[in-house]
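Below: one structure, written as structure tokens.
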Amino acid sequence: MTTRAPFRIQGRTGEWEVVLGLEVHAQVASKAKLFSGAGVGFGAEPNSQVSLIDAGFPGMLPVINRHCVEQAVRAGLGLRAKINLTSHFDRKNYFYPDLPQGYQISQFKDPIVGEGVLTVERNDGSTFEVRIERIHLEQDAGKSLHDMDPNLTYVDLNRAGVALMEIVSHPDMRSPEDAAAYVKTLRQLVRYLGVCDGDMEKGNLRADVNVSVRKPGAPLGTRCEIKNVNSMRFIQAAIVYEATRQVEILEDGGSIDQETRLFDSHKVETRSMRSKEDAHDYRYFPDPDLLPLVLDPAWVKDIEASLPELPDAKRARLQSQYGLSAYDAGVLIADAARADYFEAAAKGRDAKLVANYVCNELLSKLSAQDLEFDQSPIPAEDIAGLVSLIETSVISSKIAKAVFERMWAGEGKPAEIVEREGLTQVSDVGALESAIDALIAANPDKAAAVKDKPQAIGWFVGQVMKATGGKANPAALNDLLKAKLGL
Amino acid sequence: MSDLTQLTLKGALEGLSAGTFSSHELTEAFVAAIEAANPALNAYVLATPEKALAAAKASDARRAKGEAGPLEGAPLGIKDLFCTEGVRTTAGSKILGSFVPPYESTVTANLWRDGAVMLGKLNMDEFAMGSSNETSYFGPVANPWRAKNSNQTLTPGGSSGGSASAVAADLCLAATASDTGGSIRQPAAFTGTVGIKPTYGRCSRFGMVAFASSLDQAGPIAKTVEDAALMLTSMASHDAKDSTSLDIEIPDFASFVGASVKGMKIGVPEDYRIDGLPAEIAKLWDEGVAWLKAAGCEIKSVRLPHTRYALPAYYIIAPAEASSNLARYDGMRFGLREDGGSLSEVYEASRASGFGPEVKRRILIGAYVLSAGYYDAYYVRALKVRRRIAEDFTQAFADVDAILTPTTPSAAFPVGEKQSDPVAMYLNDIFTVTTNLAGLPGLSLPGGVDQRGLPLGLQLIGRPLEEGRLFSLASVMEKASDFRPRPERWW
């Protein structure tokens with residue numbers, strides 16, 4: 001492992017270290033909300049996915065959604081975390097029109113998941129560990145729409161009551177890149193586990209970033225929390241802005257107020273939302289409408305047994321089982337669907353060749369059209385078919401690239417394309433011999449010169465390829481040329 | 001036909017079954033009685049005669065087809081705390097003054113499933129906060145009972161004042177009620193009726209406007225012990241829509257009525273002999289003990305040493321939960337909304353205008369005891385007291401099968417007397433709050449009258465889920481007391 005230079009903010013008084021902890025809100029993948037049974041779906045008509053419970057009608061009571069609990073347990077197991085067999089729901093009380101009950105049901109004191117750890121890989125392949133403090137389940141609030149009317153605010157309660165997992169890390173990150181790598185790895189994990197779709201654009205995964213700065217080795221500084229940052233790029237930009245702001249204040253002799261700040265992605269700056277003094281007093285207390293959440297250890301074991309292969313394990317296996325490079329394995333495990341696609345195509349084929357097509361040709365085509373592997377217009381079996389044609393010398397790898405283009409264009413199965421377009425490479429010695437003979441007869445000077453300059457054989461190869469439309473079997477052609485030219 | 005209204009629920013069901021009268025005839029009698037009496041008693045905040053008569057007709061048709069349910073055709077009053085689909089439900093508050101729920105509470109749905117007929121919605125203290133029915137936005141309820149040679153209007157107690165008054169004045173066969181700190185039992189004691197708060201979780205809270213979720217429990221107020229048992233059998237159910245609902249079989253509670261209580265051990269808690277307990281109440285208590293002894297019970301003294309902390313703990317826990325439960329009344333989606341220049345002003349104006357002074361007092365107390373810096377000193381300590389009180393009962397119930405106490409420290413008091421003294425008002429609940437804190441069943445039955453001729457109640461407290469035993473004991477006492485309370489009609 002290479003030694004990495006630590007990330008530092010350069011101030012007037014010297015270098016500053018940035019200390020970062022993240023609270024990631026991941027929407028639990030579920031058809032129904034956490035306590036109401038109402039549907040969940042992005043882009044539905046405003047207020048079309050709201051039950052009387054979500055709308056806080058009198059006498060309505062919450063009932064926990066077992067599936068959401070299972071998803072939180074699954075996330076906890078994926079983070080190698082302690083699963084708390086007894087946890088409690090609390091009410092966080094505050095008034096806002098998008099919070100119909102006047103309180104959010106959350107887990108304040110006793111969350112469902114305790115301490116865990118996530119191994120994060122940086123872009124350069126080095127890794128570091130982030131300790132997870134807890135995961136708790138909570139309800140999302142609705143959405144206030146301020147831009148529908150100049151004077152009025154509209155409220156859409158479709159999100160109200162949707163299940164969120166808040167995944168809280170320890171302040172274990174020291175650079176904007178590491179924070180982004182953490183979110184990326186976490187996103188990858190929750191997608192593997194199927195507990196969150198990780199779609200940051202839809203707000204299904206968003207982060208609050210706790211930022212503080214200190215002189216290297218000094219005790220922790222006062223932190224500010226930046227709310228609701230919803231892309232990897234913004235996370236990094238927000239951290240850089242905020243850390244720099246804090247360094248400037250400290251170097252001017254000031255002190256940092258612990259406060260909640262909002263990231264403005266247009267101006268690329270953070271702004272104060274509320275300070276500690278006027279922070280809400282949320283008056284947390286145990287929700288008397290819900291019993292303690294008690295999990296059956298056998299059920300937790302069942303969930304554990306049903307966990308899919310996780311990214312780290314998959315990477316190691318792809319390398320050992322298929323002999324892939326670390327790079328190819330890394331590309332393939334970025335997404336479970338990608339690795340699945342590869343494995344389906346690689347069955348019984350030259351795995352490196354398959355990885356080559358999956359990680360390069362296909363990946364770049366899909367990325368260009370913003371498609372995932374499970375949406376690929378080319379099924380995995382066709383990649384296998386293409387590689388098989390190469391392996392059996394029916395086509396050359398050069399021709400294969402052309403065949404791939406036609407496959408992408410929807411022209412059919414690789415074998416059909418080769419057949420239809422007559423792309424089968426010429427291994428027929430007789431046909432090649434006559435082409436070579438004709439060539440030597442027409443170019444006696446070149447045939448004589450090649451004896452002194454063997455690399456000039458390339459010219460003959462090129463000419464025969466040209467004559468056969470690129471279909472000559474390169475190995476057969478080479479052997480024949482050498483014999484005929486007396487090399 | 002007015003004599004029909006004087007029937008017990010059991011008597012009416014027998015008459016209906018025998019075809020002596022129809023549900024329609026019976027309901028008509030109640031509709032007329034309500035119309036005549038309600039201006040004086042104010043027990044109903046909303047009478048629904050057309051719906052009642054239509055429901056009675058439908059009930060008669062079901063009976064004719066041989067599809068009679070256990071409460072088929074019985075006209076009942078419903079405390080306005082229970083949401084009734086398409087029928088205004090206010091919880092006695094201005095803030096819900098025009099709220100018409102699009103759903104039915106589980107308790108009332110169970111009653112309709114069993115064939116009962118709704119006469120209307122009954123008055124109550126606002127959000128069930130009160131012990132005299134004087135905090136209702138719809139005005140106080142009059143107790144049908146008056147002291148001998150007095151014209152003074154007395155309260156029926158609260159918060160289920162409308163339920164108790166209506167049952168006592170024959171304005172329904174029986175009524176639903178709810179009890180958070182004594183709101184079924186104290187009004188029952190004040191009106192010579194029978195009320196039971198079952199074990200927490202017996203009745204679903206779904207569709208019941210919440211006051212303090214960990215304490216609220218529905219139960220009936222009825223004319224006799226057997227009637228109360230019939231009502232509770234219908235009202236109780238396991239309900240997947242209420243996470244605190246008990247998934248446990250509901251027995252036929254009426255089958256316990258009249259059963260032998262021989263050999264049962266009855267505890268008499270010395271800690272309930274509080275200073276200033278009126279001699280008449282102490283005497284009635286002794287009489288109750290004597291009745292049970294005569295029926296073959298063994299009487300034992302028990303200690304419930306944390307009783308004196310119960311009321312303070314209750315007045316922390318209940319307001320704390322209420323302050324959060326009542327946050328949804330914000331003028332945004334239903335109920336009263338007052339205009340304002342900003343969001344905060346709309347909240348403030350709507351809640352200032354929509355809630356009465358007692359509700360505001362409890363919201364403020366509740367918000368205070370939950371706030372940072374006070375939470376441990378008040379709320380957490382109150383929870384500890386709550387556990388001690390539950391432990392007191394657990395220990396006592398190791399020695400005895402049930403506990404006998406007075407229901408209230410006094411008989412019904414005049415309207416207006418305690419309104420300006422909240423602490424005096426809160427003392428009404430001193431014998432009843434403990435069972436709410438411990439989640440235990442508590443039954444109040446009329447034991448006799450005081451010198452002024454006002455009814456007094458005795459309370460039986462049981463182990464969790466032993467309502468059946470309470471019905472057996474209460475029916476023995478009902479018989480022994482030979483007390484058939486009936487107020488003299490002045491309205």
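Computed from the coordinates by the stated procedures, all read-outs in this text should not be read as laboratory data. Being a predicted model, the structure only gives us computed values, none of them experimental. Cβ placement follows ideal geometry from the backbone for every residue including glycine, while neighbour counts extend to all protein chains displayed.
Binning the C-alpha pair distances of the protein assembly as shown at 20 Å intervals from 0 yields a P(r) profile of 12, 33, 25, 17, 8, 4, 1, 0 %, listed from the shortest bin outward.
Looking at the square roots a ≥ b ≥ c of the eigenvalues of the Cα gyration tensor of the stretch B:434-474, which shape do they give, rounded for a/c under 1.5, prolate if a/b is larger than b/c, or oblate?
Here the stretch B:434-474 falls in the oblate category.
Could you give the length gained by full extension between A:ASN151 and A:ALA456, i.e. 0.36 nm per residue of separation minus their alpha carbon distance, to one decimal place?
Numbers: separation 305, 0.36 × 305 = 109.80 nm, distance 8.13 nm.
Working it through step by step, the gained length comes to 101.7 nm.
Count the net charge of all other residues whose Cβ sits under 15 Å from the Cβ of B:LEU336, scoring Lys and Arg as +1 and Asp and Glu as -1. Net local charge, B:LEU336 excluded: +1. In the frame of its principal axes, the stretch B:309-380 has Cα extents of 43, 22, 18 Å, reported largest first.
Based on the reciprocal of the average 1/r between different C-alpha atoms, the Kirkwood radius for the stretch A:51-118 equals 13.6 Å.
A quarter of the convex hull surface defined by the alpha-carbon atoms of the stretch A:429-485 gives 3.3 nm² as the mean projection.
Expressed as a rounded percentage, what relative contact order does chain A have, with Cα pairs under 8 Å and six or more residues apart? Relative contact order, chain A: 13 percent.
Take the Cα coordinates of the stretch B:161-200, assign each an equal point scatterer, and use the Debye formula without solvent to give log10 I(q)/I(0) at q = 0.19, 0.23, 0.29 Å⁻¹. So the normalised log intensities work out to -0.44, -0.64, -0.96. Here is the P(r) of the stretch B:2-261: all C-alpha pair distances, binned every 10 Å from 0, give 8, 34, 39, 17, 2, 0 in whole percents. Helical runs (DSSP H, four residues minimum) scored at -39500 (n - 2.57) apiece and divided by the length of chain A put the mean residue ellipticity at 222 nm at -11000 deg cm²/dmol.
Taking the C-alpha atoms only, the angle from helix A:380-391 to the longest principal axis of chain A is near 30 degrees. Label separation (A:ARG131 vs A:ASN47): 4.8 nm, computed from points 7 Å beyond Cα along the C-beta direction.
Please compute P(r) over all alpha-carbon pairs of chain A, binned at 20 Å starting from zero, and give each bin as a whole-number percent. For chain A, the pair-distance distribution reads 19, 41, 25, 13, 3, 0.
3J(HN,Hα) along the stretch B:45-55: 8, 7, 8, 10, x, 5, 4, 4, 5, 5, 5 Hz, from the Karplus curve 6.51 cos²θ - 1.76 cosθ + 1.60 with θ = phi - 60°, whole Hz, x for Gly and Pro. The A:VAL294 and A:LYS31 beta-carbon pair, evaluated with R₀ = 30 Å, returns a calculated FRET efficiency of approximately 0.80. Each part gets one Cα centre, and for the stretch B:388-406 versus the stretch A:18-61 those centres are 44 Å apart.
Can you pull the Rg over Rh of the stretch A:262-322, Cα-only, Kirkwood? Numbers along the way, then the final one.
Values: Rg = 23.1 Å, Rh = 18.0 Å.
On the Cα set of the stretch A:262-322, Rg over Rh gives 1.28.
With each label modelled as a point 7 angstrom along the Cα→C-beta vector, the B:ALA372-B:ALA36 pair spans 6.3 nm.
Amide H neighbours of B:VAL302 under 5 Å, at least 5 residues apart or on other chains, H built in the peptide plane: list them. Residues meeting the amide H criterion: B:VAL268, B:GLU270.
Relative contact order, whole percent, for chain B stands at 18, derived from Cα pairs under 8 Å and 6 or more residues apart. Between 0 and 90 degrees, the angle of helix A:429-442 with respect to the longest Cα principal axis of chain A falls at about 70 degrees. Convex hull volume of the Cα atoms of the stretch A:309-421, normalised per residue: 92 Å³.
With q set to 0.18, 0.24 Å⁻¹, the log10 of I(q)/I(0) for the stretch B:65-165, from the Debye formula over equal scatterers at the Cα positions, is -0.84, -1.16.
Counting other Cβ atoms within 10 Å of each Cβ, which trypsin sites (Lys or Arg not before Pro) in the stretch A:280-353 have at most 16 and sit in a DSSP loop? Present the calculation step by step, with values, prior to reporting the outcome.
Details: sites: A:ARG283, A:LYS301, A:LYS314, A:ARG315, A:ARG317, A:ARG338, A:LYS347, A:ARG349, A:LYS352; in loops: A:ARG283, A:LYS347, A:ARG349.
Here the trypsin sites (Lys or Arg not before Pro) that fit, given the DSSP loop and packing criteria, are A:LYS347.
When the charge dipole of the protein assembly as shown is built from unit charges on Cβ atoms (+1 for Lys and Arg, -1 for Asp and Glu) and taken about the Cα centre, the candidate among A:PRO288, B:ALA313, B:ALA254 whose Cα reaches farthest toward its positive end is B:ALA313.
Sequence gap at least 6, Cα distance under 8 Å: using those rules, report the relative contact order of the stretch A:125-263 to the nearest whole percent. The partial results should precede the final answer.
Numbers: 196 pairs, mean separation 25.0, N = 139.
This gives 18 percent for the stretch A:125-263.
Any chance you could give the angle, 0 to 90 degrees and rounded to 10, that helix A:311-322 forms with the longest Cα principal axis of chain A? Taking the Cα atoms of chain A, the angle to A:311-322 is about 10 degrees. Normalised by 2.2 N^0.38 Å, where N counts its residues, the alpha-carbon radius of gyration of chain B equals 0.91. Built from the Cα atoms of the stretch A:43-88, the convex hull projects on average onto 5.1 nm², one quarter of its surface area. Using the alpha carbons alone, the radius of gyration of the stretch B:1-136 stands to its Kirkwood radius in an Rg to Rh ratio of 0.99.
How would you classify the stretch A:3-62 from its alpha-carbon gyration tensor, with a ≥ b ≥ c the square roots of the eigenvalues: rounded for a/c under 1.5, else prolate if a/b is greater than b/c, otherwise oblate? Since a/c reaches 1.5 and a/b is larger than b/c, the shape of the stretch A:3-62 is classed as prolate.
Between the amide H of B:LEU458 and those of B:THR407, B:LEU445, B:GLY447, distances stay under 5 Å, these residues lying 5 or more places away or on another chain, with hydrogens modeled in the peptide plane. For the stretch A:73-83, backbone phi angles converted through the Karplus equation (6.51, -1.76, 1.60; θ = phi - 60°) give residue-by-residue couplings of 4, 4, 4, x, 5, x, 9, 6, 9, 6, 8 Hz, Gly and Pro being listed as x. Counting only DSSP H runs of at least 4 residues, each contributing -39500 (n - 2.57), and dividing by the residue count of chain B, the helix-based mean residue ellipticity at 222 nm comes to -11500 deg cm²/dmol. 3J(HN,Hα) along the stretch A:244-258: 5, 4, 5, 4, 4, 4, 5, 6, 7, x, x, 10, 8, 7, 5 Hz, from the Karplus curve 6.51 cos²θ - 1.76 cosθ + 1.60 with θ = phi - 60°, whole Hz, x for Gly and Pro.
Alpha carbon centre of the stretch A:389-463 versus the stretch A:175-203: separation in Å? The stretch A:389-463 and the stretch A:175-203 have Cα centres separated by 47 Å. Computing Rg and the Kirkwood Rh from the Cα coordinates of the stretch B:1-61 gives a ratio, Rg/Rh, of 0.98.
Placing a label point 7 Å from the Cα of A:LEU85 along the Cα-to-Cβ direction, none of the residues of the stretch B:226-257 has a backbone N under 16 Å of that point.
For B:ALA402, what charge total do you get from the other residues with a beta carbon under 14 Å from its beta carbon, if Lys and Arg give +1 and Asp and Glu give -1? Present the calculation step by step, with values, prior to reporting the outcome.
Numbers: positive: B:LYS262, B:LYS265, B:LYS293, B:LYS300, B:ARG463, B:ARG469; negative: B:GLU298, B:ASP399, B:ASP401, B:GLU466, B:GLU467.
Once positives and negatives cancel, what remains is +1.
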